[in-house]
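See below for the structure under consideration.
The values are calculated or read from the model by the stated rules, or taken from the named source; none is laboratory data. Please read these numbers as outputs of a predicted model, since none were measured by experiment. So basically every Cβ, Gly included, is an ideal-geometry build from the backbone, and we count neighbours across all protein chains shown. Quick note on the areas: whole protein, heavy atoms, side chains included, nothing else; ligands and nucleic acids left out. Shrake-Rupley method; radii C 1.70, N 1.55, O 1.52, S 1.80 Å.
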Amino acid sequence: MKARLERRLTAQRLRRELTLPEILLWQRLKGRRLGGLHFRRQHPVGPYILDFYCETLRLAVEVDGEMHVFDDRPERDARRDAWFADRDVWTFRIIAREVLADADHAAKRILEFARAAPSGPPGHLPQRG
């Protein structure tokens, strides 16, 4: 119970401390602005906190900064994505640099992914670059 409370408190703090790419993307996701889909920001699920989550589609959207290519981060991200896939949650990863360059286009890519209604088991589909 304590871990769950700590994770919720961490999620609340992260909502107040969004990165610039997260802010730009959130402006396009909040209030059902993206195709009428309801997204939550910094949403705790199990041992993780998702950048954005659409419960209806079971879709996690992760904004990956530069740190996601260093050290063991790619392996950690893969384990995390697999954890969500085991729970029927899709993970859509987008590079923070891409959001900064054109947040509208980034949001459009999320909507295209959501509308594609992927078949088969969920999992991480590369969306880098």
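Considering only residues in region 11-28 that are open to solvent by less than 90 Å² (accessible area, probe 1.4 Å) and at pLDDT below 90, the one that is nearest to R93 (Cα to Cα) turns out to be L18.
Using the structure shown, decide if V63 is at pLDDT below 95, in contact with a Pro (Cβ under 9 Å, 6 or more places away or on another chain) and open to solvent by less than 50 Å² (accessible area, probe 1.4 Å). Answer is no for this residue. For region 45-101, the strands (runs of 3 or more DSSP E) that sit wholly inside it and include 3 or more residues that are touching a Phe, Trp or Tyr at 6+ places or on another chain (Cβ under 9 Å) and closer than 20 Å to Q12 by Cα are 48-54, 59-64.
For region 69-84, residues that are loosely packed, with under 15 Cβ neighbours inside 10 Å and hydrophobic (A, V, I, L, M, F, W, C) total 4. Applying the criterion of being within 16 Å of R93 (Cβ to Cβ) and of a type in the set (S, T, Y) to the residues of region 44-60, the residue that is least open to solvent (accessible area, probe 1.4 Å) is Y53. The residue list R8, R87, R41 contains one member that is open to solvent by 90 Å² or more (accessible area, probe 1.4 Å), in contact with a strand residue (DSSP E or B) (Cβ under 7 Å, 6 or more places away or on another chain) and more than 18 Å from E112 (Cα to Cα), which is R8.
Scanning region 56-88 for residues that are closer than 15 Å to V45 by Cβ and aliphatic (A, V, I, L, M) gives L57, L59, A60, V61, A82, A85.
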